[in-house]
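Report on one structure; see the data block that follows.
Here, each number is a calculation from the coordinates, and none is a lab measurement. Predicted model only: the values in this text are computed from it and were never measured. So basically every Cβ, Gly included, is an ideal-geometry build from the backbone, and we count neighbours across all protein chains shown.
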Amino acid sequence: MKILDTLSGAEKDVDISDSVRIYLCGVTVYDESHIGHARTIIVFDTLRRYLESKGVRVNLVQNFTDVDDKIINRANKENTSAEKISTKYITNYFDDFYRLNVKRANSYPKATEHIPDMINLIQGLIDKGFAYVSKNGVYFSVLKFKDYGKLSKKKIEELISGARIEVDETKKDPTDFALWKFADESPTWESPWGKGRPGWHIECSAMSLKYLGSNFEIHGGGRDLIFPHHENEIAQSEAFSGINFAKIWMHIGMVTINGEKMSKSLGNTKSIDFVLKRWGPNIIRLFCLSGHYSKPIDYSEDLLKETIIKWRQVENCYFELILADNSVSESDELIKGVVNEAENEFDDALDSDFNTPLALSVFFKLVKGANQLASSEKLTRNISDNILPTFLKMLSILGLKVIEVTDDEKLKISSLIKQRNMLRNQKKFQEADAIRKQISDMDIVLIDHKNKTLWMKQEKIGIEN
RNA sequence: GGUGAGGUGGCAGAGUGGCUAUGCGUUCGCCUGCAAAGCGAAUCUAUAGGGGUUCAAAUCCCUUCCUCACCUCCA
């Protein structure tokens, strides 16, 4: 599998010989997560599911930044503690992503629980001459790290002349960034240099090193983290260890709205709770995977409405496949071939820089093919058995979930269908329609084929009600 | 201003030299007691503009224009 590496600008093979170690920059927990966060995390969740489907072990680590000025500001505003704020939004995070059918990462380290690791790292950097203590804190000396700028392709001279860098007289150089900031106001921690808080970037270096070691396979995050966050992580980590930090840097494009980046500072975000209520998890996941991960996608209601139609086709396909009972036996060699080919194309697409839109088109071709067979009443049990495992496998890699139906429900549905069909045969259409209404109140849609009636359970989509 | 990524049919979105995905939409049709869902056919026959290389370019080169992101916190 190849992934485009931001650092080298080239597609690089993911080393799957042992476990694939992935560090993903998570969220700062001072507010609700939004669809932009969701996209990044869904992409990595899908990547992880794909690798695991290949039998590759994945060690996915995703941090929570739970110490930050934004958290403290919010706590002050709400007259509560920073810890309460971060705990609240971590809970909120897990609730959101559980509902998005995102598998749990292997660990979710929190910055506040790794202060000693950060202090070690900072001390190491001071010892090696890459960091110094000044009046306001401990700073990383950017000029000492000769590769600085290699990820974001920035030249240090340009950064220095950049008017937007705040002037801080206590720094040796304007581009130096804080590893530790002295502070008195809680939350603070003791350190060899004085009471204070860690800088933002150091946590990811400390925690990735601790949980994944140096030179792990993939470091991911949103594109907006390339500078300064990831640039600084590289500087800290490589200055400390002398070893390349991550083998591949994988950056996820922004979610835009009306062509503009969605961000809290612009105030144009759509929270995960909002989009889940409106569209549900499957539509959101399909939407997030509908464009190549490296490019921006635009949150557009029209597109999402389109996605509902696609999802209905998937639901239809699922129920056709599991309910097929036509036993006319036919040669299924052809089907096997087609299914195999689809599976290979699906994998090829994902192996080639995780091309999810291409993989989705393969998936929808399979769905369409099955629906075609069903429509022309050629979908026998035999054929279904050949398609179903591949269909379910793709569904699971994509993290999609069709609504489950209990056995009790199934019995009830088939008995109602029998009644309705009897009434239809007697041409008592009004009564038959009343039963159909009763069934549709259970979110079941009937599919009248020529010789039999099938059914599918539809996910309720908020916007349709 | 600097850096990076892009500009593909009505829309979304693949494709990195020849075989011009895929989906949605639109129109007509099939199926049906009527629907719904699904399916079929047709339609669109696109590659930002200009130049070049080539037998052949969306794909390579030059150039112009445009968009977005980053350069401050951000997924």
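Cross-link partners of A:Lys305 among aspartates and glutamates, defined as those whose alpha carbon lies under 17 angstrom from its own and excluding same-chain residues fewer than eight positions apart: A:Glu315, A:Glu459, A:Glu464.
Taken over the alpha carbons of segment A:2-252 as equal point scatterers, the Debye sum produces base-10 log I(q)/I(0) values at 0.07, 0.13, 0.17 Å⁻¹ of -0.24, -0.85, -1.40. Could you work out how far apart the two model spin labels at A:Leu446 and A:Thr87 are, taking each label as a point 7 Å from the Cα in the direction of the beta carbon, and quote it in nm? Taking the two extended label points, one gets 5.4 nm. Helix A:429-440 and the long axis of chain A differ in direction by around 20°, with both axes built from C-alpha atoms. Taking the average, over residues, of other Cβ atoms within 10 Å as the packing measure, peptides A:385-397, A:213-225 rank A:213-225, A:385-397 from highest down.
Using the Cβ-Cβ distance between A:Asn76 and A:Glu169 with R0 set to 35 Å, the FRET efficiency works out to roughly 0.85. Other residues within the sphere of radius under 10 Å centred on the Cβ of A:Ile439, judged by their own Cβ, net out at +2 (K and R +1, D and E -1). The helix-only estimate of mean residue ellipticity at 222 nm for chain A, built from DSSP H runs of length n ≥ 4 each weighted as -39500 (n - 2.57), is -15500 deg cm²/dmol after division by the residue total. For segment A:377-398, backbone nitrogen atoms closer than 14 Å to the point 7 Å from A:Leu334 Cα along Cα-to-C-beta are found at A:377-380, A:383.
Here segment A:60-79 is scanned for amide nitrogen atoms under 18 Å from the site 7 Å beyond the Cα of A:Ser186 along Cα-to-Cβ, giving A:66-79.
Taking R0 as 35 Å, what FRET efficiency do you get between A:Glu409 and A:Glu260 from their Cβ-Cβ distance, rounded to the nearest 0.05? Once the sixth-power term is evaluated, E becomes 0.20. Between the C-alpha center of segment A:22-83 and that of segment A:359-382 there is a gap of 37 Å. A Förster radius of 30 Å combined with the Cβ-Cβ distance from A:Phe227 to A:Lys128 puts the calculated FRET efficiency at roughly 0.80.
May I ask you to work out the translational diffusion coefficient for chain A at 37 °C, viscosity 0.692 mPa s, via Stokes-Einstein with Rh from the Kirkwood sum over Cα pairs, reported in whole µm²/s? Calculated translational D: 132 µm²/s. The lysines within cross-link reach of A:Lys393, meaning a Cα-to-Cα straight distance under 24 Å and a gap of 8 or more places when in the same chain, are A:Lys2, A:Lys54, A:Lys103, A:Lys310, A:Lys336, A:Lys365, A:Lys368, A:Lys378, A:Lys401, A:Lys410, A:Lys457, A:Lys460.
With everything on Cα atoms, drop me the angle between helix A:231-241 and the longest principal axis of chain A, reported from 0 to 90° to the nearest 10. The answer is roughly 70 degrees.
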